[in-house]
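The block underneath contains the structure these notes are about, expressed in structure tokens.
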Amino acid sequence: MVSTLRADAQRNYEQILQAAEQLLKEVGSAVTFERIAEKAHVGIGTLYRHFPTRLSLFQATYETKTRQVAAKATTLLTTAAPDRALRAWLGMVVEYSARYSGFNNLVELAVTDQASPIAQAGENLVKAAQKARLIRSDVAVADILKLINGLLTGTSEADIEQAEKLIEIVVDGLKAD
């Protein structure tokens with residue numbers, strides 16, 4: 001967030017993000033705004049002024065993680081074959097969703113919001129793999145993210161290995177004839 005806030009408002013904003021990140025780790029994405037406000041030592045109105053929705057709070061909390069996911073796509077495009085880059089990137093998305101409660105909400109958002117950094121990163125990978133004729137031409141990044149999001153439902157760190165196997169099945173199903 002751009003620092004155009006007063007010093008106390010900026011401090012509140014940062015306290016809310018720290019509390020949200022900690023409680024998302026401890027409690028999960030069902031944590032209440034009231035509990036986050038209490039942990040951040042701010043009023044519930046202050047929290048809602050900064051974050052009117054759960055999604056806006058998740059987006060701010062995981063802004064750095066989202067940038068990492070987008071940057072990884074760019075790196076993978078220069079270091080791996082496009083289909084392998086897509087597979088590795090999907091693995092990172094699943095890992096982050098399992099490790100950071102609420103991150104899967106950002107993956108879900110990317111299904112409908114093609115301007116999201118996750119959707120844009122995935123789009124670049126899908127287009128590269130399609131251009132190389134390594135995956136089907138009728139597949140959109142939204143299709144893949146919707147599949148992955150379904151796979152992520154209820155996934156925890158303990159389930160990452162199984163999720164990796166399921167990604168292999170999804171990627172195999174994308175292969176061009």
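Read-outs: derived from the displayed coordinates by stated rules, not from any lab. As the structure is a computational prediction, the values presented were derived from the model and not from experiment. Cβ coordinates were reconstructed from backbone atoms using ideal geometry, including for glycine residues, and neighbour counts include every protein chain displayed.
Here are the numbers for this structure:
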read-out: Interchain or long-range residues, amide H under 5 Å from residue 102's placed H; value: 29
read-out: HN-Hα J in Hz across the stretch 71-79 - Karplus 6.51, -1.76, 1.60, θ = phi - 60°, x for Gly and Pro; value: 5, 4, 4, 5, 4, 4, 5, 9, 10
read-out: Nearest-ten-degree value, helix 82-99 long axis tilted from longest Cα axis of the chain; value: 30
read-out: Descending semi-axes in whole angstrom, ellipsoid equivalent of the stretch 7-52, from the Cα gyration tensor; value: 17, 11, 8
read-out: In order through the stretch 54-68: 3J(HN,Hα) via Karplus (6.51 cos²θ - 1.76 cosθ + 1.60), integer Hz, x for Gly, Pro; value: 4, 4, 5, 5, 4, 4, 5, 4, 10, 4, 5, 5, 5, 5, 5
read-out: Principal axis dimensions, the chain - Cα atoms, whole angstrom, descending; value: 57, 34, 25
read-out: Other-chain or far-sequence residues with amide H under 5 Å of residue 135's (modelled H); value: 130, 176
read-out: For the stretch 1-92, the spread of Cα positions along each principal axis, largest first, Å; value: 50, 31, 18
read-out: Given charges at beta-carbon only (K, R positive; D, E negative), |dipole| of the stretch 1-70 in Debye; value: 120
read-out: For the stretch 23-134, size of Cβ-based charge dipole, Lys and Arg +1, Asp and Glu -1, in debye; value: 320
read-out: ³J(HN,Hα), Karplus 6.51/-1.76/1.60, whole Hz, each residue of the stretch 171-177, x for Gly, Pro; value: 5, 4, x, 8, 4, 6, 6
